[in-house]
Amino acid sequence: MIRLLLGFLLISTPALGQSTQSDSQTLQAILAELRQIRQDLATATLTTQRIHLVLHRLQAQEAVVSRLTQRLDDACSELAQMAEGGKRLAAEIKRQEEFVERLENSPTDRKTVEAMIPEQKTRLEAMQNQEQLSQAKEAELEVQLRAEQAKLDTLQSDLARLEAELERAAQRGSH
């Protein structure tokens, strides 16, 4: 009986050693998996924080572009009104000059209208100067809008890149 017990112990000792080695390999695999999960979680967290930051910047940039677009639209409308007002005033001056040239009109009426023409021409010149300033303002706003739109496009690209990065991290984690 002692021999049987001794034989059993000798046979089971290698089996215990193999079990310990197998358990050690399993624990190492589990540890490696946990480290990878921790790394994936850290990467996903960092990417999510970066996405939030880019979203905040994107919203702010969209507001800037929206304001500039509104300012440009207003400048265009103002410029169109000025151009239309200038055309009307130029037509009025021409009509007054034609009125003065017509001999059938009374000399008093012609003198009255003729006295108004220099003032009208001064107003027209001032309107033309203001129109040039408005054109410069419009051009400046267009340049600013293009620059701010380029910034917005860059932020949108950054967001798309970060979303793709987060998606890749999620796919790695699911495999």
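Read-outs throughout are calculated quantities, based only on the coordinates presented, and are distinct from any laboratory measurement. Keep in mind it's a predicted model, so treat the numbers as computed, not measured. Every residue, glycine as well, gets a Cβ built from its backbone with ideal geometry; the counts of neighbours run over all protein chains shown.
Computed quantities for the displayed model
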| quantity | calculated |
| --- | --- |
| The listed residue being in contact (Cβ under 8 Å) with a residue 40 or more places away in the chain, in a helix (DSSP H, G or I) and either under 22 Å from LEU55 (Cα atoms) or not aliphatic (A, V, I, L, M) (or both), out of ASP74, ASP158, ASP109, ASP153 | ASP158 |
| Which numbered condition GLU104 misses (of (1) within 30 Å of ASP158 (Cα to Cα); (2) acidic (Asp, Glu); (3) not in a helix (DSSP H, G or I)) | (1) |
| Failed item in (1) surrounded by 12 or more Cβ atoms within 10 Å (Cβ to Cβ); (2) within 30 Å of GLN128 (Cα to Cα), with GLU84 passing the rest | (1) |
| Pairs, first more than 20 Å from LYS151 (Cα to Cα) and touching a residue at least 12 places away in the same chain (Cβ under 8 Å) in the stretch 41-68, second among the acidic types (Asp, Glu) and part of a helix (DSSP H, G or I), C-beta under 6 Å, six or more apart | THR47/GLU165 |
| Filtered residue count, the stretch 147-160, keeping only those that are surrounded by fewer than 14 Cβ atoms within 10 Å (Cβ to Cβ) and more than 8 Å from the chain's Cα centre (by Cα) | 3 |
| Evaluation of ASN129 against (1) among the polar types (S, T, N, Q); (2) surrounded by 11 or more Cβ atoms within 10 Å (Cβ to Cβ); (3) free of Cβ contacts under 8 Å to residues at least 24 places away in the same chain; (4) assigned to a helix (DSSP H, G or I) (one fails), failing number | (2) |
| For VAL100: the one exception among (1) touching an Asp or Glu at 6+ places or on another chain (Cβ under 8 Å); (2) closer than 17 Å to GLN132 by Cα | (2) |
| Qualifying residue in the stretch 63-74 (condition: under 31 Å from the mean Cα position of the chain (by Cα) and farther than 30 Å from ASP158 by Cα) | yes |
